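J.: Please read through the structure below; I'll follow up with questions.
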Amino acid sequence: MAADRPHRPATQSDVAREVGVSRTLVSFAFRGAPGVGGETKEAIFDAAKRLGYRPNAAAADLARKHRSAVGLYLMDIRNEVYADILSGVRMTLPQEGNRLILSVSRSVDGVERGALESLIEARAGIIIAATLLDPDEQVQELAQIVPLVSVTRPVPGVDSVYSDDFVGARAATEHLLGLGHRRIAHIAGPDYDGHTVRRRSYQKTMHDAGLKPLTLAAEDFTQEAGQRAATALLAQGDRPTAIFTHNDQLALGAREAAHALGLSIPKDLSLVGYDNSRIAKLHGIGLTTVNLHAVALGQAAGMIALERLKNPDAPVADRKLTPELVIRSSTAPPAAYIGN
């Protein structure tokens, strides 16, 4: 009978005809509903395997009037921190059997409403968003349409999992101060809601030390933007002896700018990033950075998402992790500098 089937994806009706039962019984078997005998269920599954039938999880959700799929929005897959968040989320889902639907921003700066809308159209029961750049009010409005877990930034009234950026940025700045640096610059990211904490922490730490902050906002969060910003900072007559950046990608750009100007790291310029991405650990890079525990953020977000699916009325989750400074070879005491 299978040989006569048209060349198209197999359906439950095909399986039903193969076994000689109703399509409803096939549907019950795949949903685990009661009333399907053991031998009949085994015959249905065997026929489905022969025919190449794959259950449509989205259709099953629709039939049950329950959305079990978890949507994951990533701001920039080129940034390794998001790959780590993805790994953490995936660790939580297989044991529960929930589908994971991935959507990645296609724009340079991460503002991609279409990527989020595609998850809603795919009937995701909840969206884990890492990282949203929209204002808090827009994120809160989105959370009224579909349950949402915000990762890497807290949003009032929305399930949130994030690292304590104020603590992390302070540790990075204090590390450079402790080495003896006084001309410390900060390459910040663009001015989006929830993404200025590292900048404010750096500025406060510098003020507390009696020093003047030097902040330059990059055009976006990429390596290329970091190189452009660092080139501008290092072209100054009284150039900084250390740079702390919003993320590791910006730090790698600053590293390229320094080398292009003939500066040695850390002899001429100390460099601190933020994220603790895989490339920061490579021999020859050795980037001092702040570990925000991206995998753990993903795991926590996955667990909160599953709990929200089970209990929509649960209190709003606010999970804050403590980052830690990881010291490598990109920082050292400042050399004597003559440039004034």
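The values are calculated or read from the model by the stated rules, or taken from the named source; none is laboratory data. Everything numeric in this text was worked out from a predicted model, so none of it was measured. Note that we place each Cβ from the backbone using ideal geometry, even for glycine, and neighbour counts take in every protein chain shown. What goes into the accessible areas is simple: the full protein's heavy atoms, side chains included, and nothing from ligands, DNA or RNA. Shrake-Rupley method; radii C 1.70, N 1.55, O 1.52, S 1.80 Å.
J.: Only strands (runs of 3 or more DSSP E) wholly contained in segment 287-340 count here; list those with 3 or more residues that are in contact with an Asp or Glu (Cβ under 9 Å, 6 or more places away or on another chain) and charged (D, E, K, R).
T.: Working: elements: 289-291, 318-321, 324-326.
Those strands (runs of 3 or more DSSP E) span 318-321.
J.: So which strands (runs of 3 or more DSSP E) are wholly in segment 65-143 and hold at least 1 residues that are among the aliphatic types (A, V, I, L, M) and either modelled with pLDDT under 85 or buried (at least 22 other Cβ atoms within 10 Å of the Cβ) (or both)? Please lay out each step first, then the result.
T.: Details: elements: 70-74, 100-104, 126-130.
Result: 70-74, 126-130.
J.: I've got another one for you. Give the residues of segment 299-315 that are surrounded by 20 or more Cβ atoms within 10 Å (Cβ to Cβ) and of a type in the set (D, E, K, R), sorted by residue number.
T.: R308
J.: Criterion first (under 27 Å from P213 (Cα atoms) and of a type in the set (K, R)) does R278 satisfy it?
T.: On the way: under 27 Å from P213 (Cα atoms): no; of a type in the set (K, R): yes.
No: the conditions fail for R278.
J.: Would you call A217 surrounded by fewer than 20 Cβ atoms within 10 Å (Cβ to Cβ) and modelled with pLDDT of 95 or more? Give the derivation first.
T.: On the way: surrounded by fewer than 20 Cβ atoms within 10 Å (Cβ to Cβ): yes; modelled with pLDDT of 95 or more: yes.
The answer is yes for A217.
J.: For segment 222-239, indicate whether the set of residues that are under 30 Å from Q140 (Cβ atoms) and touching a helix residue (DSSP H, G or I) at 6+ places or on another chain (Cβ under 6 Å) is non-empty. Give the derivation first.
T.: Our first condition is that a residue be under 30 Å from Q140 (Cβ atoms); within segment 222-239, this holds for 222, 225.
Remaining after also requiring touching a helix residue (DSSP H, G or I) at 6+ places or on another chain (Cβ under 6 Å): 222.
Scanning segment 222-239, I find at least one residue that is under 30 Å from Q140 (Cβ atoms) and touching a helix residue (DSSP H, G or I) at 6+ places or on another chain (Cβ under 6 Å), so the answer is yes.
J.: Of the residues T241, T231, only one is under 17 Å from T173 (Cβ atoms) and either out of contact with any Asp or Glu (no Cβ under 6 Å at 6 or more places or on another chain) or not hydrophobic (A, V, I, L, M, F, W, C) (or both); which? Please lay out each step first, then the result.
T.: Details: T231 fails: under 17 Å from T173 (Cβ atoms).
None of the others qualify; the one that does is T241.
J.: Also, quick follow-up: Which condition breaks for K212 when tested against (1) touching a residue at least 60 places away in the same chain (Cβ under 8 Å); (2) outside any helix (DSSP H, G or I); (3) of a type in the set (K, R)?
T.: Failed condition: (1).
J.: Looking only at residues that are part of a loop (DSSP other than H, G, I, E, B) and more than 19 Å from the chain's Cα centre (by Cα) in segment 165-202, which one is surrounded by the fewest Cβ atoms within 10 Å (Cβ to Cβ)? Let's see the steps before the verdict.
T.: We begin by selecting, within segment 165-202, every residue part of a loop (DSSP other than H, G, I, E, B); these are 179-183, 189-196.
Checking the rest, the ones that are also more than 19 Å from the chain's Cα centre (by Cα) come to 179-183.
On the way: L179: 17, G180: 12, H181: 23, R182: 15, R183: 19.
The selected residue is G180.
J.: I'm trying to understand the selection: among the residues of segment 154-164, which are crowded, with 19+ Cβ neighbours inside 10 Å and over 11 Å from K320 (Cβ atoms)?
T.: Selection gives V155, V158, D159.
J.: Can you find a residue in segment 268-278 that is open to solvent by 50 Å² or more (accessible area, probe 1.4 Å) and either among the basic types (K, R) or at positive phi (or both)? Working first, answer last.
T.: Here is the first cut: in segment 268-278, the ones open to solvent by 50 Å² or more (accessible area, probe 1.4 Å) are 278.
Narrowing the set further to residues that are either among the basic types (K, R) or at positive phi (or both) leaves 278.
Yes, segment 268-278 contains a residue that is open to solvent by 50 Å² or more (accessible area, probe 1.4 Å) and either among the basic types (K, R) or at positive phi (or both).
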